[in-house]
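Structure record follows, encoded as structure tokens.
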Amino acid sequence: MAKTGLMTWLLYSTLFAALLLNSDAANANERKVHIVYMGDRPKGDFSAKATHHSMLTSVLGRSSSAQESLVYSYGNFNAFAAKLTAEEVEKFSEMDGVVRVIPNHILKLHTTRSWDFLGLSQSNVGAQLQGDVVIGLLDTGIWPEHESFNDQGLGAPPSKWKGTCQGANFTCNNKIIGGRYYNSENWYYEGDLKSPRDSEGHGTHTSSTAAGDRVPGASYYGLANGTARGGVPGARIAMYKVCWSFGCGAADILAAFDDAIADGVDIISVSLGSEFPVPYDVDPIAIGAFHAMKYGILTSSSAGNSGPWPYSVSNYAPWTLTVAASTIDRKFVAKAVLGNGQAFTGLSINSFELYGKTYPLIWGGDAANYSAGASQDLSKYCITGSMNSYKVEGKIVFCEVLWDGTGVLLANGVGTIMADDEITDFAFNYPLPATQISTSDGEKILDYIKTTENPIATILLGETLTDYMAPYVVSFSSRGPNPVTPDILKPDLTAPGVDILAAWSPIAPPSIDWEDPRSVDYNIISGTSMSCPHASGAAAYVKAAHPDWSPAAVKSALMTTATVVDPNKHEDLEFAYGSGQINPAQAIKPGLVYDANETDYISFLCKQGYNTTTVRLITGDNSSVCSSTLNGRAWDLNYPSFSLAVEDGKQIDGVFTRTVTNVGSANSTYTVQMYSPPEFSISVEPEVLSFSTIGEKKSFTVKVGGGFISQQKITSGAIIWTDELEQYRVRSPVVVYNVLPGYTFFPPQTSKFQKKPTTFHGPTTPSMHHKNGILGRN
């Protein structure tokens, strides 16, 4: 049904691409923000800003020009962001000491019930140590006056805190203890606020999901009514506003990481990502997260909303936690009732009450706006601008595709019934009464319209139903395999990201219509942007219980204690859900953890084809050295899961080395159990690990073997370490799959100057990219 709309979009995209190419040629002398990397920060007395200003002066010719050009001078990385012409970029890229010059890529931003569904009830979340944990969020800002962020019962911020509140008309308290904003391009559109204050709703939603206070009676127009709260209500929040209506700048993301590290956050939550795979040394989130890891900070990141396509997962660096999105046991529906008594249940978060009143029902194809150049083939989809208001006014319109409702709304229609089978596992909220039914039900409605003299219908207020199939990974959640490192399983785990109720900015539109004038305090939206703060809150919960644990240890605890997800619901198995669904209450007592540090990750990078120069670009440390130029597999990185990519026609044969640290009982013995499908076998040596102290480490080897395979989709097994008292169960998935010859690892790009790719993305949902209506976010 959507072919006409798609073809129209493709035509406009092609024209837009041509215009951009011509524009690029014409604007070669236009100054654009770039990031200039020099690698390690020099030791001793070093003024980054003075050094960077001097370099700019040498290229631009005047000190005043250098001062105007400089945007950021980073403290934790020897790099700066500046506005440069194409010629100046070339000069910097050829300068001694400059490793790489990268354009300012614009990245995209990828709960009453969800925490209870995860088993983290309100009785679990009262740990006093939570007040010492600070979650830093890189997002669209936050609405500080929202009741989810009241600081009742909270003392002063922890003594380690060095952050600040920036901007006029923005006040922190003992809950929100930091707020900064960044806009290197100096692009501001209507509605954007030059402060950490949120005008889009996204950052307010993610913040309250991770660490919002308990607020009884929260709902979206009565739907999802209950007590809204974050995973760690006692934790502190610091907002780093890097995302605006146009997206999120790479230079701003690095600056935010730089500040968050210096401010003293414990967990960084990043619900955004690139729309295409990039090497680690040009990925601002990977670079920022690596530096955060060095300072003991775990970065939790969203997997992306490009599913269910394979290799679509983003934020795949092994030192980050990558979070998929899955359902909870609740879904929202709204019924369409026809004049003949037939009722059809569809997906919708419908907040509008028609009180059972019926209205004339028409087919969108009978209401084409011919004066605007539309035709029946376009208006049957109810595309915005294609509808004839003389025929639509006062009526409910049946549409043959899922759209955002604005086509009917702007033509003064009462409501819309949309038939579409593309989306079946999550709902939208609309600016008018609306519901999305199946195409088979749509055929029945169309038949009713065409065979009835005066067809009528109504749309009932939304209902909440129990989803007994939950949890399962939602269709939009990006899938593995890892597009850059096939031997590292991504995503790492899954968390609730579908139909999540949380706080909202009162000046942000509450539906997928950007011009919806209503104001709400809470909103129900979906995306891996919503699952990420669930994992961030869970990580903060573990960090509060174990403040001395490393980022890798916290991540390991979350992964190895995850609740196993039913594989029968997912053809792509662990490529959808990783180790499983987070189980925060269990994660504070994992028994054993797979720890890793900077040295381990440097060794990993060297084997992945990075050299000393490019590794230093990521680490920011001149002592980082790749002693060997030989490429190798990632099987010895101490990761909590096992991934074996086998080239077509090759034999299943992999040997993994791992080391676990005892964090459970001092005197304990663990025995391994192995589960594997018929396609391969797993053996572990030794099969028994005995510990006498907490903190003791033991190593073991996992061998995965089998026959020669080609065109084999993912198959999986697991190894589980269990202690003699069965107090601890440490589970790690083992996946085997085929890749094309030569694709067992992807060497990084080596040129010093990376040209910015031009990408065009079609509407994956009704007229927007983000699944909850926030344009282009994860």
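Does residue 324 satisfy the condition of being of a type outside the set (S, T, N, Q), touching a Phe, Trp or Tyr at 6+ places or on another chain (Cβ under 8 Å) and in the same structural domain as residue 549 (by the TED database)? Quick ask: steps written out before the conclusion?
Values: of a type outside the set (S, T, N, Q): yes; touching a Phe, Trp or Tyr at 6+ places or on another chain (Cβ under 8 Å): yes; in the same structural domain as residue 549 (by the TED database): yes.
Considered against the rule, which asks whether it is of a type outside the set (S, T, N, Q), touching a Phe, Trp or Tyr at 6+ places or on another chain (Cβ under 8 Å) and in the same structural domain as residue 549 (by the TED database), residue 324 comes out as yes.
Any residue in segment 96-121 that is farther than 30 Å from residue 565 by Cα sitting within a Cβ distance under 6 Å of a residue that is at pLDDT below 70? List the pairs, counting only those 6 or more apart or interchain.
Close Cβ pairs satisfying both conditions: 99/39; 100/752; 101/753; 102/754; 103/756.
Of the residues that make up segment 580-594, is at least one open to solvent by less than 20 Å² (accessible area, probe 1.4 Å) and within 23 Å of residue 99 (Cβ to Cβ)?
Narrowing segment 580-594 to residues open to solvent by less than 20 Å² (accessible area, probe 1.4 Å): 580-582, 584, 587, 590-594.
With the extra rule that they be within 23 Å of residue 99 (Cβ to Cβ), the set shrinks to none.
No: segment 580-594 contains no residue that is open to solvent by less than 20 Å² (accessible area, probe 1.4 Å) and within 23 Å of residue 99 (Cβ to Cβ).
When segment 563-614 is examined, which residues are found to be at pLDDT 95 or above and at positive phi?
573, 578, 580, 591 - these are the residues of segment 563-614 that are at pLDDT 95 or above and at positive phi.
Output the strands (runs of 3 or more DSSP E) that fall wholly within segment 427-541 and possess 1 or more residues being modelled with pLDDT of 95 or more and buried (at least 23 other Cβ atoms within 10 Å of the Cβ), or say none.
Details: elements: 434-437, 456-459, 463-465, 493-496, 500-503, 522-525.
Filter on segment 427-541 gives 434-437, 456-459, 493-496, 500-503, 522-525.
Here is a list of conditions, (1) open to solvent by less than 10 Å² (accessible area, probe 1.4 Å); (2) polar (S, T, N, Q); (3) not in a loop (DSSP other than H, G, I, E, B), and residue 219 meets all of them except one; can you say which number that is?
With (1) open to solvent by less than 10 Å² (accessible area, probe 1.4 Å); (2) polar (S, T, N, Q); (3) not in a loop (DSSP other than H, G, I, E, B) applied to residue 219, the lone miss is (1).
Which numbered condition in (1) polar (S, T, N, Q); (2) open to solvent by less than 10 Å² (accessible area, probe 1.4 Å); (3) farther than 28 Å from residue 739 by Cα is the only one that residue 560 fails?
(3)
Residue 337 versus (1) among the aliphatic types (A, V, I, L, M); (2) under 21 Å from residue 73 (Cβ atoms); (3) modelled with pLDDT of 95 or more; (4) surrounded by fewer than 24 Cβ atoms within 10 Å (Cβ to Cβ): which is the lone unmet condition?
Just one mismatch for residue 337, condition (2).
Looking at 372, 343, can you tell me which residue is open to solvent by 50 Å² or more (accessible area, probe 1.4 Å), closer than 23 Å to residue 443 by Cα and of a type in the set (A, V, I, L, M)?
Numbers: 372 fails: closer than 23 Å to residue 443 by Cα.
Exactly one residue qualifies, and that residue is 343.
Exactly one condition in (1) under 27 Å from the mean Cα position of the chain (by Cα); (2) within 22 Å of residue 476 (Cβ to Cβ) is not met by residue 288; state its number.
(2)
Which of the residues belonging to segment 138-167 are of a type in the set (Ser, Thr, Tyr) and either outside the structural domain of residue 286 (by the TED database) or open to solvent by 70 Å² or more (accessible area, probe 1.4 Å) (or both)?
Here is the first cut: in segment 138-167, the ones of a type in the set (Ser, Thr, Tyr) are 140, 148, 159, 164.
Answer for segment 138-167, where residues must be of a type in the set (Ser, Thr, Tyr) and either outside the structural domain of residue 286 (by the TED database) or open to solvent by 70 Å² or more (accessible area, probe 1.4 Å) (or both): just 159.
Please find, among 231, 203, the residue that is in the same structural domain as residue 539 (by the TED database), farther than 30 Å from residue 78 by Cβ and either of a type outside the set (D, E, K, R) or more than 21 Å from the chain's Cα centre (by Cα) (or both). I'd like the intermediate steps shown before the answer.
Working: 203 fails: farther than 30 Å from residue 78 by Cβ.
On inspection, the qualifying residue turns out to be 231.
Can you tell me which residue is farthest from residue 604 (Cα to Cα) among those in segment 711-729 that are of a type in the set (A, V, I, L, M) and either in contact with a Lys or Arg (Cβ under 9 Å, 6 or more places away or on another chain) or modelled with pLDDT under 95 (or both)? Explain how you work it out, then say what you get.
Keep residues of segment 711-729 that are of a type in the set (A, V, I, L, M), which gives 714, 718-720, 725.
This time we only want the ones that are either in contact with a Lys or Arg (Cβ under 9 Å, 6 or more places away or on another chain) or modelled with pLDDT under 95 (or both), so: 718-720, 725.
On the way: 718: 23, 719: 23, 720: 25, 725: 36 Å.
Restricting to residues being of a type in the set (A, V, I, L, M) and either in contact with a Lys or Arg (Cβ under 9 Å, 6 or more places away or on another chain) or modelled with pLDDT under 95 (or both), the top hit is 725.
Looking only at segment 691-740, count how many residues are assigned to a strand (DSSP E or B), of a type outside the set (Ser, Thr, Tyr) and within 21 Å of residue 546 (Cβ to Cβ). Walk me through how you get there before you give the answer.
Initially, segment 691-740 is screened for residues assigned to a strand (DSSP E or B), giving 691, 697-709, 715-723, 729-739.
In the following step, the residues that additionally are of a type outside the set (Ser, Thr, Tyr) were identified as 691, 697-698, 700, 702-709, 717-721, 723, 729-731, 733-736, 738-739.
Still in the running and within 21 Å of residue 546 (Cβ to Cβ): 691, 697-698, 721, 723, 729-731.
Adding up the residues that qualify gives 8.
Would you confirm whether or not segment 278-294 contains a residue that is among the small types (Gly, Ala, Ser), touching a helix residue (DSSP H, G or I) at 6+ places or on another chain (Cβ under 8 Å), surrounded by 24 or more Cβ atoms within 10 Å (Cβ to Cβ) and not in a helix (DSSP H, G or I)?
No; the residues of segment 278-294 include none that is among the small types (Gly, Ala, Ser), touching a helix residue (DSSP H, G or I) at 6+ places or on another chain (Cβ under 8 Å), surrounded by 24 or more Cβ atoms within 10 Å (Cβ to Cβ) and not in a helix (DSSP H, G or I).
What is the number of the single condition among (1) crowded, with 16+ Cβ neighbours inside 10 Å; (2) more than 30 Å from residue 36 (Cβ to Cβ); (3) at pLDDT below 95 that residue 732 does not meet?
Every listed condition holds for residue 732 apart from (3).
Suppose we keep only residues that are of a type in the set (Ser, Thr, Tyr) and touching a Gly at 6+ places or on another chain (Cβ under 8 Å) within segment 366-404. Which one would you say is farthest from residue 455 (Cα to Cα)? Give the derivation first.
Applying the first criterion (of a type in the set (Ser, Thr, Tyr)) to segment 366-404 yields 370-371, 375, 379, 381, 384, 386, 389-390.
Narrowing further to those that are touching a Gly at 6+ places or on another chain (Cβ under 8 Å): 379, 381, 384, 386.
On the way: 379: 19, 381: 19, 384: 24, 386: 22 Å.
Ranking the candidates gives 384 first.
Looking only at segment 551-599, count every residue that is in a helix (DSSP H, G or I) and among the charged types (D, E, K, R) and tell me the total. If you could, list the steps in order and put the result at the bottom.
From segment 551-599, those in a helix (DSSP H, G or I) are 551-560, 567-569, 574-577, 584-587, 598-599; that's our starting set.
Pick out the ones that are also among the charged types (D, E, K, R) and you get 555, 569, 574, 598.
Here the count works out to 4.
Can you tell me which residue in segment 55-80 is modelled with the lowest pLDDT, limited to those that are open to solvent by less than 30 Å² (accessible area, probe 1.4 Å) and assigned to a loop (DSSP other than H, G, I, E, B)?
In this case the residue turns out to be 77.
Tell me the strands (runs of 3 or more DSSP E) entirely within segment 619-686 that contain at least 2 residues that are out of contact with any Asp or Glu (no Cβ under 8 Å at 6 or more places or on another chain), modelled with pLDDT of 95 or more and basic (Lys, Arg). Let's see the steps before the verdict.
Working: elements: 642-647, 650-662, 668-675, 680-685.
It comes to 650-662.
The values are calculated or read from the model by the stated rules, or taken from the named source; none is laboratory data. Since this is a predicted model, take the numbers as computed values, not measurements. Cβ: placed from backbone, ideal geometry, glycine included. Neighbour counts: every protein chain shown. Note: accessible area is taken over every heavy atom of the protein model, side chains too, but ligands, DNA and RNA are not part of it. Shrake-Rupley method; radii C 1.70, N 1.55, O 1.52, S 1.80 Å.
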